[in-house]
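Below: one structure, written as structure tokens.
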Amino acid sequence: MTELSIEPVDGDAMLQDWQYVHNAIIPTAVLSFADVRERSGRNRLAVAYLGEVPVGCSTVRPPTSSTTTATVIARVLPDHRGKGFGGQLYESGLAAARAVGAEVIETCVLESNPEGLRFALGRGFVETERYVLPGDSVPFIDLRLA
């Protein structure tokens with residue numbers, strides 16, 4: 001059996017893999033390639049691969065100069081859920097956030113992703129806010145690690 005490999009995004013091909021996974025899981029907030037490239041300049045993006053196949057991605061928004069809060073988001077494509085990949089992605093992202101000084105960890109889940117919400121709640125996150133982006137109809141749920 002092929003093991004999961006979590007790779008920091010490096011180059012256009014990996015940016016496209018990250019974009020593919022993100023847009024499949026967050027169809028209400030589709031990102032262009034330019035959007036993804038811009039995010040890669042301020043966030044740590046990673047792609048989870050099974051062999052050569054992208055099965056998930058993660059985002060770590062590091063703390064800013066005025067806070068010790070980081071956001072860690074792990075996404076796994078529906079066909080690959082329930083196999084422990086989300087946990088591996090999350091742990092990798094959490095370690096990266098802690099390595100850059102994060103003391104408070106937050107995450108964000110689209111309300112239409114009940115598996116993602118269950119995953120976050122099961123790891124000790126609690127809901128802090130729900131909001132709808134302009135032009136959207138599905139709320140995002142912000143959560144904080146208790």
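Look through segment 65-113, keep the residues that are of a type in the set (Lys, Arg) and outside any strand (DSSP E or B), and return whichever of them is nearest to residue 44 (Cα to Cα).
Ranking the candidates gives 98 first.
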**Q.** Contacts under 8 angstrom Cβ, first residue in segment 34-45 being over 16 Å from residue 13 (Cβ atoms), partner part of a helix (DSSP H, G or I), 6 or more apart
**A.** 44/93; 44/96
Q. From the list 119, 85, which one is under 13 Å from the mean Cα position of the chain (by Cα), open to solvent by less than 20 Å² (accessible area, probe 1.4 Å), more than 12 Å from residue 144 (Cβ to Cβ) and in contact (Cβ under 8 Å) with a residue 12 or more places away in the chain?
A. 85
Q | Test for residue 64: is it under 21 Å from residue 90 (Cβ atoms) and either touching a residue at least 40 places away in the same chain (Cβ under 8 Å) or not acidic (Asp, Glu) (or both) | A | no
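Return a yes/no flag: does segment 36-51 have any residue that is closer than 15 Å to residue 73 by Cβ and loosely packed, with under 14 Cβ neighbours inside 10 Å.
Yes, segment 36-51 contains at least one residue that is closer than 15 Å to residue 73 by Cβ and loosely packed, with under 14 Cβ neighbours inside 10 Å.
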Q. When you scan segment 122-146, how many residues do you find that are in contact (Cβ under 8 Å) with a residue 12 or more places away in the chain, open to solvent by 50 Å² or more (accessible area, probe 1.4 Å) and not acidic (Asp, Glu)?
A. 8
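The values are calculated or read from the model by the stated rules, or taken from the named source; none is laboratory data. The shown structure was predicted, so the numbers you read here are calculated from the model rather than taken from an experiment. Glycine gets a Cβ as well: all are built from the backbone with ideal geometry, and neighbour counts include every protein chain shown. Protein only, heavy atoms only, side chains kept; ligands, DNA and RNA dropped before computing areas. Shrake-Rupley method; radii C 1.70, N 1.55, O 1.52, S 1.80 Å.
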